[in-house]
Structures are given as C-alpha cells and as structure tokens.
Amino acid sequence: MNPVRDSAVRVGFVYPELLGTYGDRGNAVVLVQRCRWRGIPAELVEISAGQPIPESLDVYLFGGGEDDPMTMAAAGMRASRSAIERARAGGAAVLAVCGGFQLVGDRYVAADGEVLEGIGIVDLVTHAGSPRLIGEVVIDPDPPLPRLTGFENHGGRTTLGPGVRPLGRVVTGGGNGDGSTVDAAGRIYVTTNPGVQVISPEGKYLGLIPTPRGVITTAFSGKDKKTLFILARGAKDASGNEVANAAQVYAIPMIAQGYKGRAK
C-alpha cells in the first residue's frame, strides 16, 4: 500500500548558486524521482541565495561549494537557523554534502586559521587538512543498511561531538578518526586514516604525522610523556598476509610533551 500524504514531499535544494558546485542538484532530482517511483508525490523546490530558508520543506539539501560561496551561504543559513530547527523538530530530514555538511556543524576552520561559524544543528567541527582525500570510499553502516560506496574529493577533517554517531565505519578511503589526545601546550592530536592531524589550541591546522595505516586512537606516555603511542588498524603476518581483527602500536619520540597530570 502506498503511503498517504496530504501534500507532495517538498525536497528543497538550498542556494544552488552557492552550494551546487559538484552537481548537487542531481541529488535533489534523484530524491524526487525515487519518491515518485514509489507512488509518493514529490516536488523539487529551489531556494535561491538571498532568500530566507522556509520551514515548510520535508527534505533540506545543502550541497558543496568553494570557500567564498560557502561563506556567503553560511550567513543565510545562520539567519534561517530557527526555521530549519523547527522543520527538523517537525520531522524534516537534512541531507548535507561537502561544504553543506561543514556548515550544519558548529564551525569550519580554514587552512589559514580563519573560522567560519556554521548553524550548529549537528555537534561537529571541521578543519581543513592535508593531503586532500581523493578516491573511492566504502562504508559499512549499522544494520540494516547495506554497504555504501561512493567517491570522495575533499580536504576537510571532521571531529564529531560525543553524542554524535557516524554513518558507519570507513573500509576504504579517509575517515574513522575516533581518538584524540592533547599535549602540554594545548595542541590537539586527532587520529584519521592518513595519520594523526595536529590542531593548535586556537583551532588552526598545524600538520600531519603520517602513518603507514589508518589509526584509531593515540596517547602520550613513556618517560616524561614524550612518546606518542598510536594504535593502528590491521597488521600483516610474517608472510605478508593481512591478519583479521589485528592491530599494531606505533611509538614516536616527540619534542612535544603530554600532560603529566592526566592519563591521556
């Protein structure tokens, strides 16, 4: 039986002039068509830059954009934050991609340290990072969703707040940075697939400690807390074969020092 609705599902493509750099309108078109295939009336609504974002949409699509358009889009999104929040409280869904994903979070920190405030409807912070992550990506989400595949092309490194659950675990591609530590100077060390990203106390991206494998957690320890221990996913046996459910630890001597008064 087809679901009954009083009106069509309204899929809103927000600021196509600013957040439509990577063909994001196609995502909106696909959502509308998939509803129609299932006998659900649906329509595409485009909200042009400069217009307030209404609370009457059922789906909000925020796409990708370059830094300058993203800055302009952020101002409009912040001005309409209350409308978006009311819509979400009423059951509306948000699909945020690339720059749009960064803007639904608390803030985005550019490579030069400039901070762009988001709308804060999701507890996350994104920092510009290096190297740029380009290539196929495979994710295993929680059941009952099947394995997801796609393509990534971004420089952002996102840290989720303690109450935010990721879409899934990255099998191939960048991601899974679920561990961090802090040194005595207040610098933050965040684990990611390429290695450990280092962030200043002011939120500026400082650089990457590269690792042979994706890493999942890190801590300072050893004499005077000047060794950074990093836990990596996976390992190989003496024949060079991957060992299932294995892990390995890297120990890196540091000039930086961890806090002596805390475990991590």
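The values are calculated or read from the model by the stated rules, or taken from the named source; none is laboratory data. It should be emphasised that the depicted structure is a prediction, and the values quoted were computed from it without experimental measurement. No Cβ is skipped: glycine too gets one built from the backbone with ideal geometry, and neighbour counts run over all protein chains shown.
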Among the residues listed as V249, V198, the single one being hydrophobic (A, V, I, L, M, F, W, C), more than 19 Å from R132 (Cα to Cα) and touching a Leu at 6+ places or on another chain (Cβ under 6 Å): V249
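Is at least one residue of region 205-213 closer than 22 Å to F101 by Cα and either modelled with pLDDT under 80 or of a type in the set (V, I, T) (or both)?
In the first step, residues of region 205-213 are kept if they are closer than 22 Å to F101 by Cα; the result is 205.
Remaining after also requiring either modelled with pLDDT under 80 or of a type in the set (V, I, T) (or both): none.
No, the conditions are met nowhere in region 205-213.
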Candidate set from region 9-20 (those that are over 13 Å from L95 (Cα atoms) and either among the aromatic types (F, W, Y) or surrounded by fewer than 16 Cβ atoms within 10 Å (Cβ to Cβ) (or both)); member that is modelled with the lowest pLDDT: E17
Criterion (surrounded by 18 or more Cβ atoms within 10 Å (Cβ to Cβ) and not assigned by TED's automatic domain parsing to the domain that holds P210) met by exactly one of G99, G150: G99
Complete set of residues in region 207-228 that are under 11 Å from N193 (Cα atoms) and not in a strand (DSSP E or B): T211, P212, R213, G214
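Can you tell which of A111, A87 is surrounded by fewer than 16 Cβ atoms within 10 Å (Cβ to Cβ) and either hydrophobic (A, V, I, L, M, F, W, C) or farther than 30 Å from R25 by Cβ (or both)?
Result: A111 is the single residue among A111, A87 that is surrounded by fewer than 16 Cβ atoms within 10 Å (Cβ to Cβ) and either hydrophobic (A, V, I, L, M, F, W, C) or farther than 30 Å from R25 by Cβ (or both).
Return the only residue of G113, G129, G174, G120 being outside any loop (DSSP other than H, G, I, E, B), touching a Lys or Arg at 6+ places or on another chain (Cβ under 9 Å) and among the small types (G, A, S).
Working: G113 fails: outside any loop (DSSP other than H, G, I, E, B); G174 fails: outside any loop (DSSP other than H, G, I, E, B); G120 fails: outside any loop (DSSP other than H, G, I, E, B).
None of the others qualify; the one that does is G129.
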